[in-house]
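Notes to accompany the following structure.
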Amino acid sequence: MAPDAVLSAFGYLRAVEAGDTEAAADLADAEPRMPALLVDAAERIIVPVTSLCGIDRDPCDHSFALEAVGHVLVATLRGWAQAGPDGVEGIARAVITFVRQVLTQEECGETVADVLRQMEAVGFGQALEAHPAPSGAHPGRPTAV
C-alpha cells in the first residue's frame, strides 16, 4: 500500500469505530478503492496475528485452526470487497471486531482506537519503506483522532 492509501484506510476504520458516519462517508466517497484498501489493511493486521510463525513456538491443532481462520476471514473480506462501495462498512466493522476481540487489551486500558493508531503507524512505516517519497518531499504522518 502507498502511504496515502494507508492513511485513507485507517482514517475510515477510525471514523467507523468512533461512530462518525459523516467522516466515514466523506472518506469512502473520496476513495473509490476503499473496499480493496480495507482488505489490504485487514490482511496486514490479521495474517501476522494468526500465522503459525508469529504466535506459537510449539504449534498444536489450535495453532493451525487459528491460521486457517485468519485466512478464511481475509478471503471473506475480499469477497465483500467485490461488492464495491456497498461492502465498505461491513468490511470495516469486521476488521474493527477482529481488533476488539483479538488485539485490544482492555484490562490494560487499551482501546480499539489505540490499536488502530498503532497498526496505522506500522502500516505507514511499511508503506514509506516500500514507496519512499521523492527527494525533498515530506510525506504526511498519521495523526491522532
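The values are calculated or read from the model by the stated rules, or taken from the named source; none is laboratory data. Being a predicted model, the structure only gives us computed values, none of them experimental. As a convention, Cβ positions derive from the backbone with ideal geometry for all residues, glycine included, and neighbour counts pool all protein chains shown. Protein only, heavy atoms only, side chains kept; ligands, DNA and RNA dropped before computing areas. Shrake-Rupley method; radii C 1.70, N 1.55, O 1.52, S 1.80 Å.
Once all protein chains are placed together, Thr111 keeps about 60 Å² accessible to a 1.4 angstrom probe.
A simple spin-label model places the labels of Arg93 and Glu110 2.5 nm from each other, with each point 7 Å out along Cα-to-Cβ. The charge dipole of the range 2-50, taken about its Cα centre with unit charges on the Cβ atoms of Lys, Arg (+1), Asp and Glu (-1) only, comes to about 220 debye.
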